[in-house]
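Trainee: To start, I am sharing the structure in question, which I have written as structure tokens.
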Amino acid sequence: MPTDSKVTVLSAKPARSSSVALALIAGLLIGVLSAGSFGLLLLSRDSGRTFLNSVWSALSGRTLSIDVSQPAVVDRIQRLQRLETVVYTMDKVVTGAKENPIFPDFLAGDKLLMLVHGEVVAGIDFSNLKPGDVRVEGRKIRLHLPPSEIFRTSLDSAKTRVYSRQTGLLVPTDPNLETRVREEAERQLEAAALADGILKAAQQNAASTLGSLLQGLGFEKIDFE
């Protein structure tokens, strides 16, 4: 009986050592695989996000779609409303004077010299776009743009000032002369902008801006009339 008992004890030790060794090896393998997977995940987290987003979109059924039908495109363009595409600035010297046909200026004249800085803003009012102005054929679109126009002409009060004022000895200073000179300055500023082709530039810039918008919607061929 003692001999059998000893044999049983000796055979039990290798079995426990083998189990411990296998557990250690399995733990090391799991640790290595986990570390490698975590490293790969860090290296490709951007790709992983894209993949997860794709999976989530497929599971949730939510996909991005853009309506490029004719009514939808017209609505998109009309939302641009008054699209300002050109700002024309100019510095100018403008004079205004009141003269008396009988007395010389130093007695009855009133003269004002003004340094003005102003701007003219032009663009296209897309709220005037009509459904018939847009024709959609698959990925091709043809548009008839509304005419460009001047939205506003204004003087910068911070940079506009009276340079000199000469009033005759026999007459009072005219309080309305400066107002009339400002109005004349705006008229000359707008005339100069028109002469320099501000409306043509506004049309071209609007077409460029609108072309980028339509390309973003997926149109491959864009024609402007």
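The values are calculated or read from the model by the stated rules, or taken from the named source; none is laboratory data. Everything quoted here is computed from the prediction, not taken from an experiment. Here the Cβ is made from the backbone with ideal geometry for all residues, glycine too, and neighbour counts use every protein chain on show. Just so you know, the surface numbers come from the protein's heavy atoms only, side chains and all, with ligands and any DNA or RNA stripped out. Shrake-Rupley method; radii C 1.70, N 1.55, O 1.52, S 1.80 Å.
Trainee: Over the Cα atoms of the stretch 172-214, compute the convex hull volume and normalise it per residue, giving Å³.
Mentor: For the stretch 172-214, the hull spanned by Cα atoms encloses 62 Å³ per residue.
Trainee: Taking the stretch 135-225, which chymotrypsin sites (Phe, Trp or Tyr not before Pro) meet the DSSP loop condition and have no more than 15 other C-beta atoms within 10 Å?
Mentor: Answer in residue order: no site qualifies.
Trainee: So how far apart, in nm, are the two label points at T179 and D133 if each is 7 Å from Cα heading toward Cβ?
Mentor: 3.7 nm
Trainee: Another question, then. Dipole of the stretch 182-225, Cα-centred, from +1 at each Lys and Arg C-beta and -1 at each Asp and Glu C-beta, to the nearest 20 debye?
Mentor: Dipole about the Cα centre, nearest 20: 120 debye.
Trainee: In addition: Based on the Cβ-Cβ distance of R152 and Q78, what FRET efficiency does E = 1/(1 + (r/R0)^6) give at R0 = 25 Å, to the nearest 0.05?
Mentor: Numbers: r = 21 Å, r/R0 = 0.84.
Taking R0 as 25 Å, the efficiency between R152 and Q78 is 0.75.
Trainee: Considering only protein heavy atoms, what per residue accessible area in square angstrom results for the stretch 93-196 with a 1.4 angstrom probe?
Mentor: 59 Å²
Trainee: If you don't mind, there's one more thing I want to ask. Report the normalised scattering of the stretch 88-184 as log10 I(q)/I(0) at q = 0.20, 0.22 Å⁻¹, calculated by the Debye formula with identical scatterers on the alpha carbons.
Mentor: Values, matching the q order: -0.96, -1.05.
Trainee: So, one more: Could you tell me which trypsin sites (Lys or Arg not before Pro) in the stretch 82-182 are loop residues by DSSP with no more than 15 other beta carbons within 10 angstrom of their beta carbon?
Mentor: R139, K159
Trainee: Straight distance only, please: which aspartates and glutamates reach the Cα of K159 with their own Cα at less than 18 Å, same-chain residues fewer than 8 apart left out?
Mentor: Filter leaves D91, E119, E178, E183, E184, E186, E190.
Trainee: If you don't mind, there's one more thing I want to ask. List, largest first, the extents of the alpha carbons of the stretch 147-225 along their principal axes, each in whole Å.
Mentor: 73, 23, 16
Trainee: Further question on the same structure: Which aspartates and glutamates, on any chain, are close to K130 with Cα under 18 Å apart, when same-chain ones fewer than 8 places away are left out?
Mentor: Cross-link targets: D75, E149, D223, E225.
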